[in-house]
1. Taking residue 144 as meeting all but one of (1) closer than 19 Å to residue 234 by Cα; (2) in contact with a helix residue (DSSP H, G or I) (Cβ under 6 Å, 6 or more places away or on another chain); (3) more than 16 Å from the ligand (Cβ to nearest atom), write down the number of the exception.
2. Test each condition in (1) in a loop (DSSP other than H, G, I, E, B); (2) buried (at least 19 other Cβ atoms within 10 Å of the Cβ); (3) without any contact (Cβ under 8 Å) to a residue 40 or more places away in the chain for residue 72 and report the one that comes out false.
3. Inside the stretch 78-100, can you point out the residues that are buried (at least 23 other Cβ atoms within 10 Å of the Cβ), assigned to a helix (DSSP H, G or I) and within 16 Å of the ligand (Cβ to nearest atom)?
4. Suppose we filter 122, 103 for residues that are crowded, with 18+ Cβ neighbours inside 10 Å, away from the ligand (no atom under 15 Å from the Cβ) and under 27 Å from residue 368 (Cβ atoms); which single one remains?
5. Is there a residue in the stretch 148-158 that is closer than 23 Å to residue 80 by Cα, in a strand (DSSP E or B) and away from the ligand (no atom under 16 Å from the Cβ)?
6. Could you list, in sequence order, the residues of the stretch 288-308 that are assigned to a loop (DSSP other than H, G, I, E, B) and crowded, with 22+ Cβ neighbours inside 10 Å?
Ligand code: DOR
């Protein structure tokens, strides 16, 4: 099957990144970026006219919850990866808060089989750090899962003692895999469920302190320096965390981090008394949001992940205090970041492609194209319409999850098509 993609602006990863107008040829699972259509006598099976659209290396999300095995009612590998394709993602990495938790190869195989059978885009799982996955028990059988996973995480829970984290880092380093940490000191939570700030105070809610996040980040960057382990911090949300990571990078620690669209766009003063505004870590203050944006601009924050965390409507229907933590994100991330960061001139479109595609691929050694500049690459690509105006409607999501604080918002920028291994997985009709 030969497909011609005509007249698009194609991402080349030179310098700060650039878009170059040209045609691309997809021939089975490969893409030829320096293809000369004018000179060719090629017959095509399909031609897409893509004037004013971007073609980029497909988005990569290193932090999603696809809920299988164990929580099929919230999401499945099928629906979660359909949501990924809908959002322009060609690879997602799935968190291990599952049942059974992937704490040994036998348990992980349950998930690997479902991925093999049902996934419509590339899925690379995480295995747990601890046996229970709750940051407290003895270490998991990390050696058995290592060859099949992107790294180790107890996401959803922080690793509660420095000794346990140090042990985990030493094992991860020996296996040449990163520790990917949800940082949350549970002794500092005080029953909180939204940010401990102005909104919580004004509305008599219990707050989650910023300290509960950054004290563990501070502990872990020291441990990463001591052990030499490759270390990545999940969903950073506080200004203190940005500073700690900035300093750690300056002193040569092998650390990276992600934040999520909602922390860059909303503050606690945007909260409403609805479960769709509740996630962990919580949406923080204006100062935190500004520090995160600064971190994006100066490279302290390496990538943007969604923390796509679907729950049932019932679980999200109990207001801020009683709903489950987590919102969906795969199907809205590009539009939101394009609207609130690119269109407002905070970052360039090229920088957004680096944050959502190139940087996660490079940091985690994920297969797929880093540039569409030259040579022949695996055709994991996404076509974007950066100017399309549309309204987010959670009823249209492929995900089973519907909870997003952005439901009903008008946004600019839409995914037009997603190809994985040269196969069209999503096409906007
Ligand atoms: O909001 C969240 N939801 N944060 C997490 O860390 C876990 C996630 C989930 O699994 O629902």
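1. Only one criterion is unmet by residue 144, namely (1).
2. (2)
3. 80, 83
4. Every option except 122 fails the conditions.
5. No, the conditions are met nowhere in the stretch 148-158.
6. Here is the first cut: in the stretch 288-308, the ones assigned to a loop (DSSP other than H, G, I, E, B) are 298-302, 305-307.
Of everything in the stretch 288-308, those that are assigned to a loop (DSSP other than H, G, I, E, B) and crowded, with 22+ Cβ neighbours inside 10 Å turn out to be 300, 301, 302, 305, 306, 307.
Here is a yes/no grid of residues against (1) surrounded by fewer than 22 Cβ atoms within 10 Å (Cβ to Cβ); (2) farther than 15 Å from residue 127 by Cβ:
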| residue | (1), (2) |
| --- | --- |
| 143 | yes, no |
| 160 | yes, yes |
| 175 | yes, no |
| 182 | no, no |
| 206 | yes, yes |
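Here, each number is a calculation from the coordinates, and none is a lab measurement. Keep in mind that this is a model prediction, so the values were computed, not measured. Glycine also receives a Cβ, built like all others from the backbone with ideal geometry; neighbour counts cover every protein chain displayed.
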